[in-house]
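Asks: Submitted below is the structure of interest, expressed as structure tokens.
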Amino acid sequence: MTQDELLPLIYKKDDKAFTLLYDMYAKSLFGVIYNLIRDKEEAEDVLQETFVKIWKNIETYNESKGRFYTWMLNIARNNAIDKLRSKNFNNNQKNLSVDNFVHVLEDPNKVSNKIDAIGIQEFVKKLKPKCIQIIDLLFFKGYTQQEASDELEIPLGTVKTQNRNCINELRNLLKV
């Protein structure tokens, strides 16, 4: 079934339409939500809330303002951001037991432990100290540019410029 065939059924609140909607879009919307939240159970909850909101608010979708998928994506993204900003979510993140992290240290197969599988850190070490610091924060530690700016106590624009310059230096070293 195509999106154009599905939309009229959703407007009529057809039960089969909800199942089709979920089957067609759940994986991609879950990916967007999970990328923001980084917690599978919370992301699944937000996905469910997203589909309920889509179903209940389908009348607010306006074809002339954009594609249906983009509209749903914005709902999913906004729900995920709302979850991230919620006090309950932040408190749960802060109050995690140390036991939750033991497996991270013990599991050598974790992706985070293989981040240097292609040997990129050896090339990064050849860069200027400032570049090493910025790339370490932004790429290996997952800081946002704003967080890196705060950590290094330099303006955000400087972080962006230095990051771009450092990546270009890294490209030259890798001859990419």
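The values are calculated or read from the model by the stated rules, or taken from the named source; none is laboratory data. Keep in mind the model is a prediction, meaning the values are calculated, not measured. Virtual Cβ from ideal backbone geometry, glycine too; neighbours counted across all protein chains shown. Quick note on the areas: whole protein, heavy atoms, side chains included, nothing else; ligands and nucleic acids left out. Shrake-Rupley method; radii C 1.70, N 1.55, O 1.52, S 1.80 Å.
Asks: Residues of the stretch 1-27 being without any contact (Cβ under 8 Å) to a residue 12 or more places away in the chain and of a type in the set (Gly, Ala, Ser), which ones? Even if it seems obvious, please write down each step before you answer.
Replies: Looking only at the stretch 1-27, we keep the residues that are without any contact (Cβ under 8 Å) to a residue 12 or more places away in the chain, and these are 2, 4-5, 8-9, 12, 14-17, 19, 23, 27.
Within the stretch 1-27, ALA17 is the sole residue that qualifies.
Asks: Another question, then. Mind listing whichever residues of the stretch 110-125 are open to solvent by 70 Å² or more (accessible area, probe 1.4 Å), in a loop (DSSP other than H, G, I, E, B) and modelled with pLDDT under 75? Give the derivation first.
Replies: Within the stretch 110-125, the first condition is being open to solvent by 70 Å² or more (accessible area, probe 1.4 Å), and the residues that meet it are 110-115, 117-118, 122, 125.
Right, trim to in a loop (DSSP other than H, G, I, E, B) and you get 110, 115, 117-118, 125.
Matches in the stretch 110-125: LYS110, ILE115, ALA117, ILE118.
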